[in-house]
């Protein structure tokens, strides 16, 4: 996207804010987005789905006498914008008064220019339909050629997307930025001796096209994981250590992320609501929310309310140090914003995480953790959503490999793992020394000393 195109988005956002203010809004905040996506899915050498789409939309938040309204539209004609703004003003008149509603503190509003953080690769837009199909086919071939036991494919999907955003706030803030993403997901199928179909898979995603691993390598890793599950069986119900590699550990840390945002705290829908400055995890656990990582999937130079991004220490050596708040949650909890406001496509603002990171611990690789585990489960996949954020209760279906004397022995399926998240985090007794930048929740492999493993 050219600078002129970005300037056009900014002009549209400025026009929307100006019209809303002229129509009587005390506060007007507009977001205008434009983007393009392409996805190709193949199966057994044939193209099943090829989709390409573009989008252009605007969102508006207006506040009038502490009454808040949100509107959005994809009609950005002069008439469409007039109607869109008028609807926002009318909706505000119908809304209930909220004494906590309002913009961010004007004294905290950031001024540009802002760091790019290298989130946009212009070459991503150059990926056409045939290249996307070829990448998906290469991923599938890599899987099928890896092992003759790969007898079928569920899918191989290549996707790319780019977007541009402009935000204008009546408090005096404006910003534009661009982002991109490419990904490949491969899901092979193998026939087990008992007639069951074993399915696993692998995916990679990056901001920049050149950073995405080779398609065939992604396919091979997907196949390795699939054939590794052949002969999987249940284990007897027991209490044992559980090792979570990066992708599974991210699911656990993601549960914590949902419990430390200010909206969950003031609503009392988090088991951590009264736990600030108390121990919630083992001494090994330090978690930061860092929006300033170059090419990070959660990176941003400023938050959705125009506050300059900053690194927040959420958990320090097991102690919960802060909740992540936007301005609204901060007012409800009688504290300052942590520059954690996220703005949606309809201009709604709420607290959220950026790059939510469990810090690595030097000295142990994932293999070291496995070798030091006398007995337990290595979890490669979790199913379902068995988590109660209010109580912390956690229970999910799982599959992976049984560990005996520091070795992965046989594959395991159809078991459940359970433990209250409070006890789980405090039972982490090993964390690996590295992670890969594959999502906005970043965590090394980790081990929980003991969990209930429900099997046969």
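Grab the strands (runs of 3 or more DSSP E) fully contained in region 379-443, keeping just those with 3 or more residues being farther than 30 Å from residue 295 by Cβ.
Answer list for region 379-443: 395-404, 407-418.
Scan 52, 29 and give me the residue that is within 22 Å of residue 132 (Cβ to Cβ) and in the same structural domain as residue 120 (by TED's automatic domain parsing).
52
Can you confirm whether residue 400 is modelled with pLDDT under 95 and either within 19 Å of the chain's Cα centre (by Cα) or farther than 30 Å from residue 119 by Cβ (or both)?
no
Collect the residues in region 28-78 that are under 30 Å from residue 138 (Cβ atoms) and out of contact with any strand residue (DSSP E or B) (no Cβ under 8 Å at 6 or more places or on another chain), keeping them in residue-number order.
At the first step, the residues of region 28-78 found to be under 30 Å from residue 138 (Cβ atoms) are 35-55.
Listed by number, the residues that qualify are 45, 46.
Go over the candidates 221, 247 one by one and state the one that is more than 22 Å from the chain's Cα centre (by Cα), surrounded by fewer than 22 Cβ atoms within 10 Å (Cβ to Cβ) and not in a loop (DSSP other than H, G, I, E, B).
221
Any residue in region 344-362 that is at positive phi and either touching a strand residue (DSSP E or B) at 6+ places or on another chain (Cβ under 8 Å) or assigned to a strand (DSSP E or B) (or both)?
yes
Output the residues belonging to region 68-84 that are within 31 Å of the chain's Cα centre (by Cα) and either without any contact (Cβ under 8 Å) to a residue 40 or more places away in the chain or closer than 21 Å to residue 180 by Cβ (or both). Before the answer, list the steps.
Let us first name the residues in region 68-84 that are within 31 Å of the chain's Cα centre (by Cα), namely 68-76, 84.
Matches in region 68-84: 68, 69, 73, 74, 75.
Out of 150, 133, report the one residue that is surrounded by fewer than 20 Cβ atoms within 10 Å (Cβ to Cβ), modelled with pLDDT of 95 or more and on the phi < 0 side of the Ramachandran plot. Working first, answer last.
Values: 150 fails: surrounded by fewer than 20 Cβ atoms within 10 Å (Cβ to Cβ).
Within the list 150, 133, the selection yields 133.
Restricting to region 430-456, name every residue that is surrounded by fewer than 16 Cβ atoms within 10 Å (Cβ to Cβ) and within 26 Å of the chain's Cα centre (by Cα).
Correct list: 433, 434, 436.
List every residue pair whose Cβ atoms lie under 8 Å apart, where the two residues are 6 or more positions apart in sequence or sit on different chains, the first residue falls within region 177-198 and is farther than 17 Å from residue 414 by Cα and not assigned by TED's automatic domain parsing to the domain that holds residue 115, and the second residue, located anywhere, is part of a strand (DSSP E or B) and modelled with pLDDT under 95.
So the pair list comes out empty.
Per-residue answers, yes or no, for (1) under 30 Å from residue 164 (Cβ atoms); (2) modelled with pLDDT of 95 or more:
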position: 324; (1), (2): yes, yes
position: 340; (1), (2): yes, yes
position: 354; (1), (2): yes, yes
position: 361; (1), (2): no, yes
position: 373; (1), (2): no, yes
position: 386; (1), (2): no, no
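Taking the residues in region 280-305 that are closer than 22 Å to residue 33 by Cβ and touching a helix residue (DSSP H, G or I) at 6+ places or on another chain (Cβ under 8 Å) as candidates, determine which candidate is surrounded by the fewest Cβ atoms within 10 Å (Cβ to Cβ).
My answer is 295.
Considering only residues that are assigned to a loop (DSSP other than H, G, I, E, B) and touching a strand residue (DSSP E or B) at 6+ places or on another chain (Cβ under 7 Å), which ones fall in region 117-136?
119, 120, 121, 127
Here are the criteria: (1) in a strand (DSSP E or B); (2) over 30 Å from residue 145 (Cα atoms). Tell me which single one residue 50 does not satisfy.
Against the list (1) in a strand (DSSP E or B); (2) over 30 Å from residue 145 (Cα atoms), residue 50 comes up short only on (2).
The values are calculated or read from the model by the stated rules, or taken from the named source; none is laboratory data. Remember, predicted model here, so these are calculated numbers, not experimental data. Positions of Cβ are generated from backbone atoms using ideal geometry, with glycine treated the same way; all protein chains shown enter the neighbour counts.
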